[in-house]
Amino acid sequence: MHKIGVFVCWCGSNIAATVDIDRVVAEAKVQPGVVFAKDYQYMCSEAGQNIIKDAIKEYGLTGIVVCSCSPRMHEATFRKAASQAGLNPFMVEIANIREHCSWIHKDKEEGTEKACVLMRAAVAKVTLNTPLKAGESKVVKRALVIGGGIAGIQTALDIADAGFPVDIVEKNATIGGRMAQLDKTFPTLDCSSCILTPKMVEAKSNENIRLITYAEVEEVSGFVGSFKAKIRKKARYVKEDVCTGCGVCMSKCPSKKGLNEFNMGLNNRPAIYIPFAQAIPNVAVIDSTQCIKLNTGKCGLCEKVCTAKAIDYTQQDEFIEEEYGAIVMATGFRPIDASKFDEYSYSTCKDVVTSLELERIMNAAGPTGGVLLRPSDGKHPHSIVFIQCVGSRDVSGRGKPYCSKICCMYTAKHAMLIRDKYPDVEVHVFYIDVRTPGKNFDEFYRRAAEQYDVDYIKGQVGKVWEEDGHLVVRGVDLIANEQIILNTDMVVLATAIEPDPTARKVANMLTASIDTNDFITEAHPKLRPVESPTAGIFLSGVCQGPKDIPETVSQAGAAASKVIGLLCKDKLTTNPCVAHSDELLCNGCSCCEKVCPYGAISYDTHLINDHGVKETRRVALVNEALCQGCGACTVVCPSGAMDLKGFSNKQIMAEVEAICL
Amino acid sequence: MTYTYYPGCTLKTKAQDLDHYGRESLKALGITLEEPDEWQCCGAVYPIARDEIATKLSAVRALAAARDNASPLVTLCSACHHVLTRVNDDMRRDENVRTKANNYLKLPVPYSGETEVIHYLQLLRDKIGFDNIAKAVKNPLKGRKIGAYYGCLLLRPSKVMQFDDPENPHIIEDFIKALGATPVIYGMRNECCGGYVTLKDEAQAAENTNRIIKNAASKGAEELITACPLCMYNLRKHSDGTVKISYITELLYDALGLREELGDAPEACETADGIAAGCACKRTEKAE
């Protein structure tokens, strides 16, 4: 005899405004098996949970239905409440009358009708629920961080400090990422390298951290607590443990046409190179597309001059396989391609540069040794125009719809630094809005405009062109309501930032969801901002959304604390909603094995007693530790032997029947 | 190959040379152009008002004629290309325009944007191929520094026109290279010449064209080429003569060595009487 309780939540006005709660309660009361129904403003609150617990005890409920938000939000909450009251947590069903109902309906009549239908379906299902017991799975006490920029480094350092081993996989030859390319950082104007390189050194020397550079994650399998990753370590053609980083090979290499990636292609580097002086590891790498020896078999100069005997032209890609309990995505960003906005003539005029290029020009280790010189002729510029929002907040479809968040501040920084170092240079900034929320940010911007006389012009630029050896900028001053034409020597584009192109591939591999802009989606935008909806995958830095360095470091720490919380556990509770096979029905056809993405199905041949008929047959067996309950096998099974606990075919059919009632 | 060709009014009057050089060059390249029997003015200016139907009808008629001829519709004048492409796009995408235009026209088979409108330059690039044109060149224009002047009508709105990158186009530069000359890239090549504003505010048109010519010259261009009769009018009117301005087709005509063979184009008819009398007759007379 079933005794079902139904609890209808208002969610404040979220549900109650579009669903007639009283009607849902009234209809719940007349459903077969229902002995109790009640509504409350916030069922997830302590008082709400107490209503549920009291009812379970008072009426001896055998199952409950909570009509509320998505189970992704509060299923765990209500299961916990039920189990505290002595009910098996898998005797709880959620009818999602918020995301699936009240939020998407405007008409209260329609909303109410749908809420009733969803409630009926859940009641029909819960009467067929059986108590399930969760199993346990192991936790591998090692974390993987994908990406070795400031986000990845900080996450790894924090995890390592808690005593857990961490691997950082970085696709480039050095860690450091975008922050290593920056000259100064806002709003304090401290030198980026001076605050980053000690952290890079710390990452290298920390005994809990293993740096796997010039490498990419190729395959990931498994699940929270027990991931398996295959990492491709690309051939460097230089023995990492032998190279001393002396740099003699760089000076002797005759192939010097490769674009210097670290300097944004503003100058060249040899085919064998160390990305920059403070690179970690401080080890050379050969660019196989530029190396004469690797392409023609002749040359071999670097091998001859290397006293450490570190060069190895026969090196091949290597694979590392490792198990991890948690994985952190810290794949970072890149600036968008400014040639999509050729009204600013980035493709055709050398003196039109992006902000990151300017950053290298301003940097003492950059292509001009930190002297502000325009790229076309190496002369000192007397006027510079900055254009903000290049590709950000864009509705034309060429750029990004979002605000890139960091550009207003770095443009103010560039403008201020130039005015400070070269007071003879006129600086103009075209902006749509100046957005400076953040500690000491607005003060910083005002200092640029007020103390350093940076000319801020509200308006956009329509065209930049070259004439008689200088650039002409045509824009609009919206406050003066007039067109303005400025002659200038350099134009700097504050290009939008976008997730690094590897993010999509990595996210697919980890089954972490991504949004339409390829940013990784959080499990909850406010309450679980550093976790992916996929258990065991965490987010750090700009891969989740545009952010500056202080925010990135905070998020990196938050992601690390989540990882530590997970790795501290010895065992994880597994989901008992796994597949099982009815051996009386199974004919051993292997269909289920072929579709199982987790390799959880194997076969066993043994004696089966089918109501007195005994025969030896090959039948499917599910490894419950590996099964993730996706249900693919239940769909392909031609004989109907496969079923999913908690979501059996009977339960689903009961729901369908209740809906079609 | 035979293509349906829409010359437009200006190419029958002021810009007869644009038309003549274009036809003769294509003939030499083995392509025949066929004018529909009864084409009318394209409308000259694309009407931006969403409910303006009547002024789009003649364009629809030309588009439908090309469809019935089972051929893409080749245009040469930038303005005609602009209007025909945009009206065609409306007929494809805008149900309101499509229904009303068909109700007005009562064509034997209703028209809904089936025709492919291609500009002369696209015909050269996509149907013949610039590499084949380079092979057919008899007089390579070596050493000539030529600036491409696109104007606005071919490029914008780029989503509809689908002609080239509106901010950094290269089709005319590729064309210039195919003829053996050196293209000069300059920033003002996709800026407006002033267009019809010249009728109302000549000073504005003069300012625009001067800026374009000055910018081209500053980057080393010795001549400019255009596909648009209106751009040609504005550029020539306000040029001081230091930069030679010609039509794209004339350049092709010269490079293919046709001037030696066939001579100059007949003089354009500029008088109202001549226009009223129909210039094609005048040309026939001359040819005779």
**Report entry** Angle between chain B longest axis and helix B:95-105 axis [Cα atoms, degrees, rounded to 10]
**Finding:** 80 degrees
Report summary line: When A:Cys586, B:Cys80 are arranged by how many other beta-carbons sit within 10 Å of their Cβ, fewest first, they go A:Cys586, B:Cys80
Report summary line: Ordered by fewest other Cβ atoms within 10 Å, a rough proxy for footprinting exposure, A:Cys577, A:Cys249 read A:Cys577, A:Cys249
Query - All lysines inside 17 Å of A:Lys256 as judged from Cα atoms, apart from same-chain residues fewer than 8 positions distant - result: A:Lys293, A:Lys298
Requested in this report: With only Lys, Arg, Asp and Glu charged, each at its Cβ (+1 for the first two, -1 for the last two), find how big the charge dipole of the protein assembly as shown is about the Cα centre; round to the nearest 20 debye.
Outcome: 1680 debye
Query - Estimated inter-spin distance, A:Asp241 and B:Asp131, nm [label 7 Å along Cα→Cβ] - result: 5.2 nm
Report summary line: With -39,500 (n - 2.57) per DSSP H segment of 4 or more residues and division by the full residue count of chain A, the 222 nm estimate, nearest 500 deg cm²/dmol, is -8000 deg cm²/dmol
Query raised in the report: Dividing the alpha-carbon Rg of the protein assembly as shown by 2.2 N^0.38 Å yields what?
Result: 1.21
Report summary line: HN-Hα couplings for the stretch B:195-209 via Karplus (6.51, -1.76, 1.60; θ = phi - 60°), in whole Hz with x for Gly/Pro, come out as x, 6, 4, 3, 6, 9, 9, 5, 4, 5, 4, 5, 4, 4, 5
Query raised in the report: How much FRET efficiency would the formula 1/(1 + (r/R0)^6) give for B:Leu57 and B:Leu199, where r is the Cβ-Cβ distance and R0 is 22 Å, rounded to 0.05?
Result: 0.35
Query raised in the report: Fewest to most neighbouring Cβ within 10 Å: what's the order for A:Phe341, A:Phe276, A:Phe647?
Result: A:Phe647, A:Phe276, A:Phe341
Query - Cross-link partners of B:Lys214 among aspartates and glutamates (Cα-Cα below 12 Å; sequence separation of 8 or more within a chain) - result: A:Glu466, A:Glu467, A:Asp468, B:Glu222, B:Glu223, B:Asp240
Requested in this report: State which entries of A:Lys29/A:Lys562; A:Lys304/A:Lys350; A:Lys309/A:Lys505; A:Lys257/B:Lys219 exceed 31 angstrom in Cα-Cα distance in the structure shown.
Outcome: A:Lys29/A:Lys562; A:Lys304/A:Lys350; A:Lys309/A:Lys505
Report summary line: By the DSSP-based rule, helices of chain A that are at least 24 Å long along the axis (C-alpha) and have a mean Kyte score of at least -1.0 are A:108-126, A:549-567
Query - Proximal aspartates and glutamates to A:Lys571, defined as alpha-carbon separation beneath 20 angstrom and excluding residues fewer than eight positions away on the same chain - result: A:Glu136, A:Glu322, A:Glu323, A:Glu531, A:Glu624
Report task. Please state the charge dipole magnitude for chain B, taken about the Cα centre, from unit charges on C-beta atoms (+1 on K and R, -1 on D and E), reported in debye and rounded to the nearest 20. Result -> 420 debye
**Report entry** Residue-averaged [θ]222 nm for chain B, counting only DSSP H segments that reach four residues, each worth -39500 (n - 2.57)
**Finding:** -13000 deg cm²/dmol
Report summary line: Over the stretch A:248-305, the quotient of the Cα radius of gyration and 2.2 N^0.38 Å is 1.08
**Report entry** Lys/Arg +1, Asp/Glu -1 at C-beta; the stretch A:525-638 dipole; positive extreme among A:Cys596, A:Cys633, A:Ile549
**Finding:** A:Ile549
Report summary line: Cα extents of the stretch A:335-498 along the principal axes, largest first, in whole Å, come to 35, 34, 33
**Report entry** About the Cα centre, charge dipole magnitude for the stretch B:2-120 (Lys/Arg +1, Asp/Glu -1 at Cβ), debye
**Finding:** 200 debye
Report task. Distance from a point 7 Å along Cα→Cβ of A:Asn208 to each backbone N in the stretch A:529-565: keep the residues under 16 Å and list them by number. Result -> A:556-565
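No value in this document is a laboratory result; all are computed from the given coordinates. Predicted model only: the values in this text are computed from it and were never measured. Positions of Cβ are generated from backbone atoms using ideal geometry, with glycine treated the same way; all protein chains shown enter the neighbour counts.
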